[in-house]
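What follows is one structure encoded as structure tokens, with my remarks underneath.
The values are calculated or read from the model by the stated rules, or taken from the named source; none is laboratory data. Only a predicted model underlies this, so the values are computations on that prediction, with no experimental measurement involved. A quick note on method: Cβ atoms are made from the backbone with ideal geometry, for glycine too, and the neighbour counts reach across all protein chains shown. What goes into the accessible areas is simple: the full protein's heavy atoms, side chains included, and nothing from ligands, DNA or RNA. Shrake-Rupley method; radii C 1.70, N 1.55, O 1.52, S 1.80 Å.
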Amino acid sequence: FKAKIALSAIREDETIPQLAARYGIHPTQINSWKRQLIEQAADLFSRSNSSSKENGQTTDNLHRVIGQLTVERDFLARKLDH
């Protein structure tokens with residue numbers, strides 16, 4: 001969400017006040033996110049590929065657990081309704 005708004009601010013698709021009004025966020029916060037994105041963009045491209053792979057595996061594991069918990073929750077909800 002923050003990245004989406006910061007990218008919109010960088011692209012200047014809309015003015016900062018327009019973005020603030022659309023998302024209900026103070027313009028100062030949007031400027032802060034925009035500045036952070038610009039300052040930390042170089043770090044994004046300097047990271048090693050192994051870090052990216054590890055994050056991908058962690059994400060896959062989390063999605064698997066979320067799926068399992070969703071199935072369990074739905075099962076229990078059906079049992080409680082009956």
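Here are a few things to note about the model shown:
- The portion of the accessible surface of the chain made up by carbon and sulfur, rounded to a whole percent, is 55 (1.4 Å probe; DNA, RNA and ligands excluded).
- Within the chain, the GluC sites (Glu not before Pro) that combine a DSSP coil assignment with at most 14 other C-beta atoms in a 10 angstrom radius are 12, 14.
- Accessible area (Å², per residue) of the chain, counting only protein heavy atoms and a probe of 1.4 Å: 84 Å²
- Rounded if a/c under 1.5, otherwise prolate or oblate - the chain, Cα gyration tensor axes: oblate
- Charged-residue dipole, Cβ positions (Lys, Arg, Asp, Glu), the chain about Cα centre, Debye nearest 20: 80 debye
- Computed over the chain, relative contact order equals 22 percent, with contacts defined as Cα pairs under 8 Å that lie 6+ residues apart.
- Given a 1.4 Å probe and the protein chains as shown, residue 15 ends up with an accessible area of around 70 Å².
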